[in-house]
1. Against the conditions (1) within 14 Å of residue 95 (Cα to Cα); (2) loosely packed, with under 13 Cβ neighbours inside 10 Å; (3) not aliphatic (A, V, I, L, M), where does residue 55 fall short? Just the number, please.
2. Restricting to region 292-311, name every residue that is crowded, with 17+ Cβ neighbours inside 10 Å and not in a helix (DSSP H, G or I).
3. For region 350-391, name all the residues that are of a type in the set (A, V, I, L, M, F, W, C) and over 40 Å from the mean Cα position of the chain (by Cα).
4. Quickly run through region 235-278 and pick out the residues that are among the aliphatic types (A, V, I, L, M) and either buried (at least 21 other Cβ atoms within 10 Å of the Cβ) or within 25 Å of residue 206 (Cα to Cα) (or both).
5. Would you point out which residue out of 281, 289 is surrounded by 11 or more Cβ atoms within 10 Å (Cβ to Cβ) and either of a type outside the set (S, T, N, Q) or assigned by TED's automatic domain parsing to the domain that holds residue 362 (or both)?
6. If you check 329, 291, 376, 384, which single one turns out to be within 29 Å of residue 1 (Cβ to Cβ) and of a type in the set (Ser, Thr, Tyr)?
7. Being surrounded by fewer than 17 Cβ atoms within 10 Å (Cβ to Cβ) and assigned by TED's automatic domain parsing to the domain that holds residue 301 is the requirement here; does residue 325 meet it?
Amino acid sequence: MIDRSSVDADSSIGVTFTHNKFQTATMIRMAGLPAPVHVMVKSYEEARQAADRLGWPLVVKPANLDRGEGVTVAIANDEKLEFAYKRASALSKSILVEREVPGVCYRVLITNGKMLYAIKRSPRSIEGDGRHKVTELVRMATEANDNKPPWLQEKPYPLDALALESMSLAGFTTDSIPEKGEWVPLRRIESTAWGGHIEEVTELVHPENLQIAEQAATLFRLSNAGIDIISSDISRPWYENQAIINEVNYAPYFGGNDIARSAMPAYLKTLIHGDGRIPIEIVLGKDSEMSEARSRQQALLKQGVDCHLTSHSETLKPDGQPMPFPFQSLFNRTSALLMNRHVEALVLSVQTDELLHTGLPVNQVDQLIHLNDEISDWKNPDVSSEATIQKLIEQIEHYLAT
């Protein structure tokens, strides 16, 4: 079972812990991994006391929200601290005042204990071309974005107070002419609300940084996890540049960019053992007491697989005992058996023309055994015609494994 990037192997209690940034950081720290240094506060007065303890610059954020909601960075004085606290407290009652770590956010996607890919998540930025001013670049990018179909449009390119502040801290103004390929930040951090600029850094991740990302995913028992590391350079080990594990994300957004989409086939392969199939055989024609079908079931059982046998109205377990179902349907019974993880092989006894009406419940058959041309009409007990048998054979042969 899979929903977005979450699978049934993910720990529910691990998921619960990751939804609380304070609890997440506590566990990370207890495990000997680099974690944020922060204080939980309930008032601006407590936030001010935390600032005295931690020192500037600071980050203020809600402890229980995601996607960058209510986060303010680069807080260097009381005025900004008060603004940041009011902004965060309008969204949550659980507020963290945190010592800021230099660098940007790197997302390391861990699946089944191994890195699938890593990306650098830079703030919303505008790319220079060596010829135009920042104001002109923003205008051209906005026009190009507005001309795209709605489903392809990116986040806006703002030139508001936050953008001016971000540019200034990076050494730019609206009249600057950035070099070709140079990025001018319009925000201090990447977020869902503002978007950002990403680039793949899978090959740059230092082994020590990869190790702590893998440890964090294992710590929270997550099969898939987005480990966010704040670092000034992901190619350097975390202990050399004060890098931290900022967040552990359950069910990280997967497939929203070209880098992630290109990794999708490799990701799906990690969820499947072998080719993901079980042996499936079909015995076609009237089969007295399913004797031939039982024989095929026994042959598969001797190969060491738990084979189930089913017809339109009867299903037998590997020990020969009946398995009751609330329907008389070969299609529905087969579909139900395919959802049963104890079923390691199937023999289908096709004794009616039901599959001509429903189609096959599987997309590959390993063997077709044609006994005779006698099958019943799905709705009536009358014997079907030879033409019906031929249609069934042609239908099944289309799905025979080559």
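The values are calculated or read from the model by the stated rules, or taken from the named source; none is laboratory data. Nothing here was measured: the structure is a model prediction, and the numbers come from that model. Cβ: placed from backbone, ideal geometry, glycine included. Neighbour counts: every protein chain shown.
1. (1)
2. Listed by number, the residues that qualify are 307, 308, 309, 310, 311.
3. Residues satisfying the conditions are 369, 371, 375, 378, 383, 387, 389.
4. 243, 244, 245, 248, 251, 259, 260, 263, 264, 266
5. 281
6. It is 329.
7. yes
Let's see how each residue does on (1) assigned by TED's automatic domain parsing to the domain that holds residue 1; (2) without any contact (Cβ under 8 Å) to a residue 12 or more places away in the chain; (3) not acidic (Asp, Glu):
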residue	(1), (2), (3)
297	no, no, yes
302	no, yes, yes
306	no, no, no
313	no, no, yes
331	no, no, yes
